[in-house]
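Everything below concerns the one structure shown next.
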Amino acid sequence: MTDTKDPKLALFELYLSTAEKVVDRRARANAWMLSVNSAIVALYGYLQSDKMSVGTGQKAIWLWAIPAAGAIVCLAWTALLASYRKLNRAKFGVLMQLEKDLEVPVFTREQDLYTKDKRRSLSDIETAIPGCFFLLYAFMFGAVILARNTP
């Protein structure tokens, strides 16, 4: 057995490592966005608990501003996920092209099995998380409106 590696396999491994790095960055971005949204919700709850010495006028502004900021973060998170989804599709498309020259096309086979089982895309499931936070912020807006209109 020789120590030299097939150049096609070496290229495949190198490109696979770049795809793994994108997946890692995506996971870190999701964790950060989840933390930001959790902090926004916590701040809103803390403000609602009347533990802060904030005047009525300032509180009203904050009760509008906090959900607005959260909604903007959700929109940015959704755009970030869409960008990562496109990048991952491109990277795995290239990997599938590269693996045509290999003995076993593992990614193509995996995708075939995944599609055959009619599984939902993980990206679709992942995108539901900022959507849920966005709905929460909409309810927060609604609560502010109802509280303002209630005598």
For this session: Give the residue from Phe141, Leu14, Ala29 lying farthest towards the positive end of the charge dipole for the chain; charges sit on Cβ (+1 for Lys and Arg, -1 for Asp and Glu) and the dipole is referred to the Cα centre.
Result: Phe141
For this session: For the chain, find the longest principal axis of its Cα atoms and tell me its angle to the long axis of helix 106-116, 0 to 90°, nearest 10.
Result: 60 degrees
Exercise. Cβ under 12 Å from Leu9's Cβ, Leu9 left aside: what net charge do those residues give with Lys, Arg +1 and Asp, Glu -1?
Worked result: -3
Problem set entry | Cα gyration tensor category, rounded, prolate or oblate, for the chain with a/c compared to 1.5 | prolate
For this session: Calculate one ³J(HN,Hα) per residue across region 12-21 by plugging θ = phi - 60° into the Karplus curve 6.51 cos²θ - 1.76 cosθ + 1.60, and present them in order as whole Hz with x for glycine and proline.
Result: 4, 5, 5, 5, 4, 5, 5, 5, 5, 5
For this session: Go ahead and set up a Gaussian network model of the chain, Cα springs under 10 Å, then flag whichever of Arg85, Arg119, Arg25 fluctuates most.
Result: Arg119
Exercise. How much net charge surrounds Glu99 when only the other residues with a Cβ under 13 Å from the Cβ of Glu99 are counted, with Lys and Arg +1 and Asp and Glu -1?
Worked result: -2
Exercise. Angle, helix 122-149 long axis vs. longest principal axis of the chain, Cα atoms, 0 to 90°, nearest 10?
Worked result: 10 degrees
Seminar exercise, completed: Charge tally for neighbours of Leu81 with beta carbon under 9 Å away, counting Lys, Arg as +1 and Asp, Glu as -1, is +1
Problem set entry | Choice from Ile66, Ile40, Ile125 with maximal GNM fluctuation in the chain (Cα, 10 Å cutoff) | Ile125
Seminar exercise, completed: Fewest to most Cβ atoms within 10 Å: Lys59, Lys21 sort as Lys21, Lys59
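Read the figures in this text as sums done on the coordinates, not as results from a lab. What you see is a predicted model; the values in this text were computed from it and never measured. Quick reminder, even Gly has a Cβ in these numbers, built from the backbone with ideal geometry, and neighbours come from all protein chains shown.
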